[in-house]
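Undergrad: Mind having a look at this structure? Questions to follow.
The values are calculated or read from the model by the stated rules, or taken from the named source; none is laboratory data. All values derive from a computational prediction rather than experimental measurement. Don't worry about glycine lacking a Cβ; one is built from the backbone with ideal geometry, like all the others, and counts go over all protein chains shown. Heavy atoms of the whole protein, side chains included, go into the accessibility calculation; ligands, DNA and RNA do not. Shrake-Rupley method; radii C 1.70, N 1.55, O 1.52, S 1.80 Å.
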Amino acid sequence: MIFWCVCVCLHYKRLCSFEIRNKQGQTRLSSYYEWLNMDERVALESEIIRKCLSRSELQCSFVEYRGYKVIYRRYASLFFIVGTKADVIAGGGAENNENELGLLEFIHTLVETMDKWAGSICELDIMYQLEQVHFLLDEMVMNGYVLDTNKSNILRPLDLIERESKKGDGVFR
């Protein structure tokens, strides 16, 4: 019974990709959870960011494009973009039943967690601490499934790593 509940919860949060882009369309972070060749990935990224940049703030944050459902949110000068696709198990012509509001909440939780970790998160924080940002994202998402949204649980391993690296006789010396 417990196994069934876990599978049902994870089924509705399948991500294909996660990106952070600036207003100029430059990639600051990208993480893919299904394989795409590099040419297809670059073309898809550029087309999606063009669609996001061309939309006004009065339009909704959901776009359907080439079989993907794209959910994005703009915070200051950064776009947080999540891409989902219809479930592979359901078949080729299946409808994408992802919960857009749930994914917007995931983006908001990620930004709040980054704010708690780095103060007020900005583009430079992401650029200069890219490894920690990837680690933070990996604590929340595994293999395309949102696993944890508790900020304390997500930040605990990062705090331990930072605390150990500050010690004079740390593990990593």
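Undergrad: List every residue pair whose Cβ atoms lie under 9 Å apart, where the two residues are 6 or more positions apart in sequence or sit on different chains, the first residue falls within region 30-43 and is of a type outside the set (Gly, Ala, Ser), and the second residue, located anywhere, is open to solvent by 40 Å² or more (accessible area, probe 1.4 Å) and assigned to a helix (DSSP H, G or I).
TA: Tyr32/Arg41
Undergrad: Something else now. Could you count how many residues in region 18-45 are surrounded by 12 or more Cβ atoms within 10 Å (Cβ to Cβ), over 15 Å from the mean Cα position of the chain (by Cα) and not hydrophobic (A, V, I, L, M, F, W, C)?
TA: 3
Undergrad: Report, by residue number, each residue of region 64-83 that is more than 15 Å from Leu110 (Cβ to Cβ) and hydroxyl-bearing (Ser, Thr, Tyr).
TA: Correct list: Tyr65, Tyr68, Ser77.
Undergrad: Okay, next question. Output the residues belonging to region 124-150 that are part of a helix (DSSP H, G or I) and over 15 Å from the mean Cα position of the chain (by Cα). Show your work before the answer.
TA: First pass over region 124-150, keeping only residues part of a helix (DSSP H, G or I): 124-128, 130-140.
Residues satisfying the conditions are Leu124, Asp125, Met127, Tyr128.
Undergrad: Something else: Looking at region 120-147 only, could you name the residues that are in contact with a helix residue (DSSP H, G or I) (Cβ under 8 Å, 6 or more places away or on another chain) and either open to solvent by less than 40 Å² (accessible area, probe 1.4 Å) or among the hydrophobic types (A, V, I, L, M, F, W, C) (or both)?
TA: Ile121, Asp125, Ile126, Val133, Phe135, Leu136, Leu137, Met140, Val146, Leu147
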